[in-house]
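Chemist: Okay, handing you the structure first.
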Amino acid sequence: MCNYRLLFLLSAVSINVAANAEDCFTKYKAQLDDKKIMLAYTSNAPDKYMIGIATDDESKLCSTTYQKLTQYLDKNYRRQPTGESSVIIGWNYLSLNNKVVYDFMADISPDKIRADNDDLLKNTDFKSYMVDNQALYKPVSIINNQYACYYHQQFSMATGMAHPYTVNELLCSKAGDSSDTLKISQIADEKQMVSKLLQTDLIKKGLAKTKIPSGKILTYDELSGAMAASRDSQLGCIAGTINGDNTGFTIDKLNSDGTINITLGLTSDIHACSSIFIPLELKNIKPLMRIKVSRIN
């Protein structure tokens, strides 16, 4: 009888834990759908993950496990876009030809977080630490069945950090190798890109304050120099990132005449301007290589 009661008690506890995990997902379904959920990991409870809203007090976060969370996300959000047999989209997950482009949940697995943060326990007087993570990934297109273009926004904060880790970027990454990203110099020639940038309202208005004739600006260096000399605060912030090595863009559309439309996500390499992100749409660009674009969203 004692063994039976113990077995019954353990079963009841297991059912309650499962119910609590499911309650988390039900409670925060809207935030999960919008990808505006905070996922928190605590070092002194390595089997637990907590989910909630960024403004919630730690005590109000809902407890689940990494395994239950990933299973729920896979079950409810993973899909295959119509007509794209090689593409799988999940909750902040994308793969192409069975090769991962990005996987946010893998990036914040317990093993990854411990590898990145356990030195806090060795080198400080902290008894434990917490890591909060939020991220948004929006797939845009597949290029030549090799690269995936997407928007990525992320906020991460760990105990003991002076500043949060923040990301705001556009990228076209090769499936299976996230370090291989397309550069603008691979897509369009310099003279054409500079001409298109000079036609945007942002740069046109900023350079109007200077005496530099736009007709004499033909290279990235000349454009960057003119932007830095403009005394326009936004142009001054992004001037240093105007170059052929820029990887911050997405290829959005292939037009019927063979030209492409891209969005250039201009950021800054200046610490004081680190939060700046300016998307500029550039249309009808003649690409340097043959490009096939498959739109996904």
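Chemist: Just one of the numbered conditions (1) surrounded by fewer than 19 Cβ atoms within 10 Å (Cβ to Cβ); (2) closer than 28 Å to residue 29 by Cβ; (3) not hydrophobic (A, V, I, L, M, F, W, C) is not true of residue 159; which one?
Modeler: Just one mismatch for residue 159, condition (2).
Chemist: One residue is enough: does segment 260-269 have a residue meeting the conditions over 21 Å from residue 170 (Cα atoms) and at pLDDT below 95?
Modeler: There is no residue in segment 260-269 that is over 21 Å from residue 170 (Cα atoms) and at pLDDT below 95.
Chemist: Turning to a different aspect of this structure: Checking residue 175 against (1) small (Gly, Ala, Ser); (2) more than 18 Å from residue 101 (Cβ to Cβ); (3) surrounded by 15 or more Cβ atoms within 10 Å (Cβ to Cβ), which single condition isn't satisfied?
Modeler: (2)
Chemist: Checking the conditions here, which among 218, 197, 202 is buried (at least 20 other Cβ atoms within 10 Å of the Cβ), touching a residue at least 24 places away in the same chain (Cβ under 8 Å) and within 28 Å of residue 287 (Cβ to Cβ)?
Modeler: Going through 218, 197, 202 in turn, the sole match is 197.
Chemist: Next up: Identify, please: which residue in segment 32-63 is under 26 Å from residue 139 (Cβ atoms) and β-branched (Val, Ile, Thr) and is, among those, nearest to the chain's Cα centre (by Cα)?
Modeler: If we take residues in segment 32-63 being under 26 Å from residue 139 (Cβ atoms) and β-branched (Val, Ile, Thr), then 37 is nearest to the chain's Cα centre (by Cα).
Chemist: Would you mention how many residues in segment 244-297 are over 17 Å from the mean Cα position of the chain (by Cα), surrounded by 15 or more Cβ atoms within 10 Å (Cβ to Cβ) and among the small types (Gly, Ala, Ser)?
Modeler: Of the residues in segment 244-297, 2 are over 17 Å from the mean Cα position of the chain (by Cα), surrounded by 15 or more Cβ atoms within 10 Å (Cβ to Cβ) and among the small types (Gly, Ala, Ser).
Chemist: Return yes when residue 111 is acidic (Asp, Glu), part of a helix (DSSP H, G or I) and touching a Phe, Trp or Tyr at 6+ places or on another chain (Cβ under 9 Å) and no when it is not.
Modeler: It is false that residue 111 is acidic (Asp, Glu), part of a helix (DSSP H, G or I) and touching a Phe, Trp or Tyr at 6+ places or on another chain (Cβ under 9 Å).
Chemist: Also: What number of residues in segment 57-69 are free of Cβ contacts under 8 Å to residues at least 40 places away in the same chain and surrounded by fewer than 18 Cβ atoms within 10 Å (Cβ to Cβ)?
Modeler: Selection size over segment 57-69: 4.
The values are calculated or read from the model by the stated rules, or taken from the named source; none is laboratory data. In this text, all values refer to a predicted model and were calculated from it rather than measured experimentally. Every residue, glycine among them, receives a Cβ derived from its backbone with ideal geometry; neighbour counts consider all protein chains shown.
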